[in-house]
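Here the structure is laid out as structure tokens; the discussion comes afterwards.
The values are calculated or read from the model by the stated rules, or taken from the named source; none is laboratory data. Since the model is a prediction, treat every value here as computed from it, not as a measurement. Here Cβ is always computed from backbone atoms with ideal geometry, including for glycine, and neighbour counts include all displayed protein chains. Each accessible area value is taken on the protein alone, full model and side chains, heavy atoms only, with ligands, DNA and RNA left out. Shrake-Rupley method; radii C 1.70, N 1.55, O 1.52, S 1.80 Å.
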Amino acid sequence: MRFPFGIAGAGVGEIERQIPDGEPPPLPVNDALRVIGKPVRRQDGRAKVTGAVRFTVDVKPPGMLHARILRSTSPNARVRAIDTAAAERQAGVRAVLAIARNDSILRYAGAPIAAVAATTQAAADAALRLIRVDAAALPFVVDMDIARRANAALVYQPGEALPLNAVEIPVSGALPLTGNVRGPETLGSRGDVEQGFAVAEVIVEGEYRTRTQTHCCMEPHAIVADWRADGLTVWMSTQFTAGVRRELARVFDLKLSQVRVKVAAMGGGFGSKSQLGVYGQIAVMLSRQAGAPVRLVFDREEEHLDSGNRPETWQQIRIGAHRDGTLSAISLVEFGSAGVGVGAGVGNFAQTLYACPNFSLAQNDVFINAGRGSAMRGPGNTPGAFAMEQAIDDLAGQLGLDPLVLRDRIDPSPVRREERRLGAAKSGWDRRHAPGADTGATKRGIGVAQSIWGANVYTNASCEVRVLRDGSVLVLSGVQDLGTGIGTILAQVVAEEFGLLPEDITVHIGDTDFPAGPPSYGSQTTASITPAARTAAWKVKQALFRQVAPALGATPEQLAARDGKIIIGNDPARGMNFRDATAGMRTDQLSVVESRADDYGGFRRRSGDMAGAVNDLGGVQFAEVSVDTETGSIRVERIVAVQDCGRPMNPKLIESQVMGGVLMGISYALLEERVIDQHTGRMMNANLEQYKLVGPRDTPPIEVIVLENYQGQSATDAYGIAEPSNIATAPAIANAVFNAIGVRVRELPMTPATVLAALGRLPRRS
Amino acid sequence: MPNADRTHSVTRRLFLRGTGATASGVALLADMHIAAAADEPPIVGPGAIPLTLTVNGRNQEVSVEPCMTLAEVLRGPLDLTGTKIGCDRGACSACTVWLDGAPVASCMLLAVDVGARAVTTIEGLAHGDTLHPVQEAFIAHDALQCGYCTPGMVMSCAALLERVPNPTADDVRAAIDGHLCRCGAYPHIVEAVLAVRKPGP
Ligand code: FES
Ligand code: FES
């Protein structure tokens, strides 16, 4: 079968692909479609603007209890005794759970100790204060640089079990632990780097720092657990209903059929709500103990301390190149800290973005006494890009090349080449002057940076499509909507297949009683579930055609569904209304469940794997800034974001998501930092007034261009956008700052103090 | 070792009274003390007390502990869960409702201090099935993603249009300053509000 292939506007051709059995014929380009690729309104928009939609924090089953977790205020302590007797006697208390035991080590401020469920939140909070914890303080370390020293306090003693299974990102099991440093991980190294540097004509090097960023979902982590004799129902603010069901069944030794996980609306996740988590287990245990539903919702401090974070990093990058710009060697040494956890690596970005025969990686996890890191929007690649894309900008300067010209020479991706071309025109790149050329105290600059992210697919993703006798259509899947609008996109896919309008389609998602959906992390929701939905709809349609063909005096092959009708031989005048056709169905409903096929074209993946497709996703972002060299303050004046996600399904929703990625990137670049006090080991800004997020007044004009990039890889050919849109923002801003002031800021967040230090007007921080 | 500052009942009340005193300007300590003593409110609590609130045009009888914030009372006993809590301390504006038509953070106000003032929540903004123009515009311009900050955003934007029928983009930004949206909907929110402004004479 022939599929459209290439970038719209830059020449779309065709490609021959083998379609697996039972998959629908190729979709034409968006221009030839009626619903897919159109700016369709969000289906749950009305429910969200009226406050009618129920988030997990709003769920209230009858008899619900309220829970709270008692957390350590010490960064490292050994428990000697926990006394919960007084809490148990407190009025209103229904369950008390000791999580830590005697001799447990509370390894970070915020580590859970015990939990209480009571009839009101106030009663639960009051009971917590009656729990007596006797613990011996242990030496601690909360600074990554100090933790690397030979005499540093140890977070894990030699021989202690490391928390390797608590991350979503695959980590090698067998790396050496020296003091607090685990590594080096060298996976992905290739070629001979020494040789590469020996033949290099130009070498650039630099050290970069990124700081810990917390997710700050506006809806806190939340779960309502209802344990009953006949099974467990859980409402959870989660990015993966099917995964949480799996975890619950395993942890509590239940059958999958006894566990139901639901999420209606979900107030942001960004990677932090991918798993059941300790708090999820606590809520279920409290419910089991109390014999009543239990609601556990984090407060804002808990969000910062114990819900995951983007690990901080220190990166040393060295790049060798020939005079024409071609790269001969890249070496990356990294130390990063995911607190008491692992997974701070950033190597993937430098490893995969540019053509270079020789690459060496040595990345290390440094343990400190702080809350565990986790995946956060573009994990690894976002901090990795901050360093690597500045190093490439440096290299362009050394070579006397325009940074876009250099990238044209070393970036093999035809997609990003087109993105650079479009972005350069849109951003007015030709206005860019020499670094620091502006006279006067306020200097302007333009910078560019690129992103790369796997075209991830989760093949263990299923969807049911049902047509009912009255012509109504249902889409059912466990897939959850984090705010990206996947429900709306599913309605579009199915409406397109049936020749209906998206508002004709009823979508029920976020419930494991429906076919298991994919996780919404790794930017793979759309890529994984939309092909399953289209295939299911197409199959239901075929079945419907077979049933109604005789009444129309036609063969099923002659029928098509368009504009609310089933027509014969592509003639809109011949046929019947969709509703009249379904009225003649033999049964009250026709229904098909389908799952995601492997990518077409031989890009094979085993079911359940999360793996990059051959063609990665990317994007190029251009930033324009002004820097006040007297105060050191940076103002982002404008961002142009050029992104790709295969076939764009809904430009309106995509634009929202890209703006969100850019804004989180601006926030990361200029504002966000978890600050831990050296002396007490406690986070000083575990709130939203001192942990700064970008606000409406710091928001510049953001122009979004999304490519239509057809690859013929699935029944919809659609991919994700969440993470690629976040990765390039901070380095684009940093490169613009360099262009403005002629001095490089190699440290996040780029605060006024950091800028003044780079200008030599204040002492450096580290 | 355990967190010591979970006492909503005492600390929040003292805190609110403290900020009130600070806001009233520079005063001699002694004067403040006398003034406070003169209109000292009756002592209520700690148990629940009956309270009448005017919410979305209806009088509501509720029984609340005096330590409860308006946000808690709306979301709990009144089951108006459209109002969201993001930080519970005045830093995110997710909990914004109207008090006599002016936007306030309902997490920073004790329910017992609302008195006879009219409370309007997101549930009370539409007229029956007819949405407020700001709500319509939020949908049309996709001024939201997850929707958690949305009720608060809508309340502040609708209040702005009541005050300033023809606002500039900067007016809109000022109106939602202090509202946090982690999904990054600010550009579309500004666009949405500008689309429903009424040009002046
Ligand atoms: S919840 Fe009231 S301001 Fe954040
Ligand atoms: S829409 Fe998600 S926080 Fe604003």
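Exactly one condition in (1) open to solvent by less than 10 Å² (accessible area, probe 1.4 Å); (2) more than 16 Å from ligand 1 (Cβ to nearest atom); (3) over 19 Å from the mean Cα position of the chain (by Cα) is not met by A:P696; state its number.
For A:P696, the exception is condition (2).
Conditions (1) of a type in the set (A, V, I, L, M, F, W, C); (2) within 18 Å of A:E219 (Cα to Cα); (3) within 16 Å of ligand 2 (Cβ to nearest atom), marked per residue:
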position	(1), (2), (3)
B:H127	no, no, no
B:L131	yes, no, no
B:V190	yes, no, yes
B:K198	no, no, no
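Since A:V199 meets every condition but one in (1) hydrophobic (A, V, I, L, M, F, W, C); (2) more than 14 Å from chain B (Cβ to nearest Cβ); (3) buried (at least 18 other Cβ atoms within 10 Å of the Cβ), which condition does it not meet?
All conditions are met except number (3).
Return the pair list, or none, for Cβ contacts closer than 7 Å from residues in segment B:83-102 that are free of Cβ contacts under 8 Å to residues at least 40 places away in the same chain to residues that are near ligand 1 (Cβ under 6 Å from one of its atoms) and open to solvent by 10 Å² or more (accessible area, probe 1.4 Å), at least 6 apart or on different chains.
Taking only residues 6 or more apart or on different chains, the pairs are B:G90/B:A105.
Looking at segment B:75-90 only, could you name the residues that are more than 7 Å from every other protein chain (Cβ to nearest Cβ) and either within 6 Å of ligand 1 (Cβ to nearest atom) or over 12 Å from the mean Cα position of the chain (by Cα) (or both)?
Matches in segment B:75-90: B:R75, B:G76, B:P77, B:L78, B:D79, B:L80, B:I85, B:G90.
Right, B:A116: more than 10 Å from every other protein chain (Cβ to nearest Cβ), of a type in the set (A, V, I, L, M) and either in contact (Cβ under 8 Å) with a residue 24 or more places away in the chain or not in a loop (DSSP other than H, G, I, E, B) (or both) or not?
Here the answer is yes, as B:A116 does meet what is asked.
Residue check: is A:Q390 under 28 Å from the mean Cα position of the chain (by Cα) and in contact (Cβ under 8 Å) with a residue 12 or more places away in the chain?
Taking the combined requirement at face value, the residue satisfies it.
Kindly evaluate A:V658 against the criterion of being open to solvent by less than 10 Å² (accessible area, probe 1.4 Å), more than 12 Å from every other protein chain (Cβ to nearest Cβ) and at pLDDT 95 or above.
No, not satisfied.
Taking the options A:G183, A:G110, A:G159, A:G188, name whichever one is closer than 30 Å to A:N358 by Cβ and in a loop (DSSP other than H, G, I, E, B).
Going through A:G183, A:G110, A:G159, A:G188 in turn, the sole match is A:G188.
Of everything in segment A:221-262 that's among the basic types (K, R) and not in a loop (DSSP other than H, G, I, E, B), which residue is most open to solvent (accessible area, probe 1.4 Å)?
Applying the filter and picking the extreme gives A:R250.
For segment B:143-178, which positions are surrounded by fewer than 24 Cβ atoms within 10 Å (Cβ to Cβ) and within 7 Å of chain A (Cβ to nearest Cβ)?
B:R173, B:D177
Go through segment A:59-83 residue by residue and tally those that are outside any strand (DSSP E or B), under 23 Å from A:H304 (Cβ atoms) and at the interface with another protein chain (Cβ under 10 Å from one of its Cβ atoms).
Residues meeting the conditions: 3.
Of all residues in segment A:717-766, count the ones that are surrounded by 19 or more Cβ atoms within 10 Å (Cβ to Cβ) and either in a loop (DSSP other than H, G, I, E, B) or within 29 Å of the chain's Cα centre (by Cα) (or both).
Qualifying residue count for the region: 31.
With respect to A:G478, is the statement that it is within 16 Å of ligand 2 (Cβ to nearest atom), buried (at least 23 other Cβ atoms within 10 Å of the Cβ) and not aromatic (F, W, Y) true?
No.
I need the full set of residues from segment A:84-107 which are outside any loop (DSSP other than H, G, I, E, B), away from every other protein chain (no Cβ under 11 Å) and surrounded by 24 or more Cβ atoms within 10 Å (Cβ to Cβ), in order please.
Once the filter is applied, which keeps residues that are outside any loop (DSSP other than H, G, I, E, B), away from every other protein chain (no Cβ under 11 Å) and surrounded by 24 or more Cβ atoms within 10 Å (Cβ to Cβ), segment A:84-107 yields only A:V96.
Considering A:G601, A:G584, A:G569, which residue is touching a residue at least 60 places away in the same chain (Cβ under 8 Å) and open to solvent by less than 70 Å² (accessible area, probe 1.4 Å)?
Going through A:G601, A:G584, A:G569 in turn, the sole match is A:G601.
For segment A:278-299, give me the residue count where each residue is assigned to a helix (DSSP H, G or I) and open to solvent by 40 Å² or more (accessible area, probe 1.4 Å).
So the answer is 5.
With respect to B:T121, is the statement that it is within 9 Å of chain A (Cβ to nearest Cβ), more than 24 Å from A:V640 (Cα to Cα) and at pLDDT 95 or above true?
Here the answer is yes, as B:T121 does meet what is asked.
State whether the residues of segment A:116-130 include one that is more than 10 Å from chain B (Cβ to nearest Cβ), under 26 Å from A:D365 (Cα atoms), surrounded by fewer than 19 Cβ atoms within 10 Å (Cβ to Cβ) and more than 31 Å from the chain's Cα centre (by Cα).
The answer is no; no qualifying residue exists.
Among the residues of segment A:208-256, write down those that are within 16 Å of ligand 2 (Cβ to nearest atom) and either charged (D, E, K, R) or farther than 28 Å from B:L144 by Cβ (or both).
If the condition is that a residue be within 16 Å of ligand 2 (Cβ to nearest atom) and either charged (D, E, K, R) or farther than 28 Å from B:L144 by Cβ (or both), then A:E219 is the only one that fits.
Identify, please: which residue in segment A:309-343 is in a loop (DSSP other than H, G, I, E, B) and small (G, A, S) and is, among those, surrounded by the most Cβ atoms within 10 Å (Cβ to Cβ)?
Restricting to residues being in a loop (DSSP other than H, G, I, E, B) and small (G, A, S), the top hit is A:G339.
Yes or no, residue by residue, for (1) open to solvent by 10 Å² or more (accessible area, probe 1.4 Å); (2) farther than 24 Å from A:N615 by Cβ; (3) away from chain B (no Cβ under 14 Å); (4) modelled with pLDDT of 95 or more:
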residue	(1), (2), (3), (4)
A:W453	yes, no, yes, no
A:L468	yes, yes, yes, yes
A:T488	no, yes, no, yes
A:L500	yes, yes, yes, yes
A:I509	yes, yes, yes, yes
A:P519	no, no, yes, yes
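Find all pairs meeting these conditions: Cβ atoms under 6 angstrom apart; at least six residues apart or on different chains; first residue within segment A:246-268 and within 14 Å of chain B (Cβ to nearest Cβ); second residue surrounded by fewer than 18 Cβ atoms within 10 Å (Cβ to Cβ).
From residues that are within 14 Å of chain B (Cβ to nearest Cβ), the pairs are A:A264/A:R54.
What residue, of B:S106, B:S93, is within 16 Å of ligand 1 (Cβ to nearest atom), of a type in the set (G, A, S) and open to solvent by 10 Å² or more (accessible area, probe 1.4 Å)?
Just one listed residue meets the conditions, B:S93.
Please go through segment B:172-186 and give me each residue that is closer than 14 Å to B:P103 by Cβ and away from ligand 1 (no atom under 16 Å from the Cβ), ordered by number.
B:V172, B:A174
Filter segment A:45-58 down to the residues that are facing another protein chain (nearest Cβ under 10 Å) and in contact (Cβ under 8 Å) with a residue 12 or more places away in the chain, then identify the one that is nearest to the chain's Cα centre (by Cα).
Here the residue is A:F55.
Going by the structure shown, is A:I15 within 30 Å of A:L490 (Cα to Cα), part of a loop (DSSP other than H, G, I, E, B) and among the hydrophobic types (A, V, I, L, M, F, W, C)?
For A:I15, the condition - within 30 Å of A:L490 (Cα to Cα), part of a loop (DSSP other than H, G, I, E, B) and among the hydrophobic types (A, V, I, L, M, F, W, C) - is not met.
Hey, among the residues in segment A:131-151 that are within 14 Å of another protein chain (Cβ to nearest Cβ) and of a type in the set (V, I, T), which one's most open to solvent (accessible area, probe 1.4 Å)?
That would be A:V133.
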